[in-house]
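Colleague: So that we are looking at the same thing, I have put the structure below in structure tokens.
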Amino acid sequence: MAVNLNKDTVYRSAKPKDKDYTINDGGGLFLFVGATGTKLWRFVYSFDGKRRKIAFGAYPDTTLENARRKAEEAREQIANSVDPGEIRKEAKAAKQLAKANEERVSEGLPILNSVADITRQWLASIAHLTSEKPTPKKPAGLNA
């Protein structure tokens, strides 16, 4: 598997064309050049018999060296039977959960999936089964 096929000048000098195109760097890493001039690092790999693609960032914000390092890390994860796309999804979900919990705490609500939150959800789900007025007691002395 050939890797590190091009030098940085090849990617720097890439100009937009009428259609989108890619410049291969080997080992699944390539630079996507859009017709609008956007340049994005992408990595293509196979996992569990399916072809998948992840993005590493925009060029030149994400340098060639950085993209190659991220691709190498992804290859190591694949070799260890770990899907790099799933790891990214889990990290994104954890970040969103942390943000949602910060917002809930600032609003005075319990964090998601805590005992207090689950109790609150359960009480809300059975609210239609209860009434706010207590059941009146039967007056003493009436036996009907």
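Colleague: I want to confirm something. Restricting to segment 24-33 and keeping residues that are at pLDDT 90 or above, of a type outside the set (A, V, I, L, M) and within 25 Å of the chain's Cα centre (by Cα), which single residue is surrounded by the most Cβ atoms within 10 Å (Cβ to Cβ)?
Modeller: F30
Colleague: Name the residues in segment 71-109 that are under 28 Å from L5 (Cβ atoms) and in a loop (DSSP other than H, G, I, E, B), would you?
Modeller: Within segment 71-109, N80, S81, V82, D83 qualify.
Colleague: Can we say D83 is open to solvent by less than 40 Å² (accessible area, probe 1.4 Å) and touching a Pro at 6+ places or on another chain (Cβ under 8 Å)?
Modeller: Answer is no for this residue.
Colleague: Kindly indicate the residue of segment 1-23 that is closer than 12 Å to L64 by Cα and among the polar types (S, T, N, Q) and also modelled with the lowest pLDDT among those meeting that condition.
Modeller: If we take residues in segment 1-23 being closer than 12 Å to L64 by Cα and among the polar types (S, T, N, Q), then N4 is modelled with the lowest pLDDT.
Colleague: Any idea how many residues of segment 1-57 are free of Cβ contacts under 8 Å to residues at least 24 places away in the same chain, aliphatic (A, V, I, L, M) and either in contact with a Phe, Trp or Tyr (Cβ under 8 Å, 6 or more places away or on another chain) or assigned to a loop (DSSP other than H, G, I, E, B) (or both)?
Modeller: Qualifying residue count, segment 1-57: 7.
Colleague: Quick one: E65 ticks every box in (1) open to solvent by less than 50 Å² (accessible area, probe 1.4 Å); (2) under 30 Å from K17 (Cα atoms); (3) not aromatic (F, W, Y) bar one, so which box is it?
Modeller: (1)
Residues checked against (1) touching a Cys at 6+ places or on another chain (Cβ under 9 Å); (2) at pLDDT below 85; (3) surrounded by 10 or more Cβ atoms within 10 Å (Cβ to Cβ); (4) of a type in the set (V, I, T):
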| residue | (1), (2), (3), (4) |
| --- | --- |
| K95 | no, no, yes, no |
| K99 | no, no, yes, no |
| S106 | no, no, no, no |
| N113 | no, yes, yes, no |
| L123 | no, no, yes, no |
| L129 | no, yes, no, no |
| E132 | no, yes, no, no |
| K138 | no, yes, no, no |
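Colleague: I've got another one for you. Hey, T119 hits all of (1) of a type in the set (S, T, N, Q); (2) open to solvent by 90 Å² or more (accessible area, probe 1.4 Å); (3) assigned to a helix (DSSP H, G or I) but one; which does it fall short on?
Modeller: All conditions pass for T119, except number (2).
The values are calculated or read from the model by the stated rules, or taken from the named source; none is laboratory data. None of the values given here were measured: they were computed from a predicted structure. We place every Cβ from the backbone using ideal geometry, glycine too, and count neighbours over all the protein chains shown. Protein only, heavy atoms only, side chains kept; ligands, DNA and RNA dropped before computing areas. Shrake-Rupley method; radii C 1.70, N 1.55, O 1.52, S 1.80 Å.
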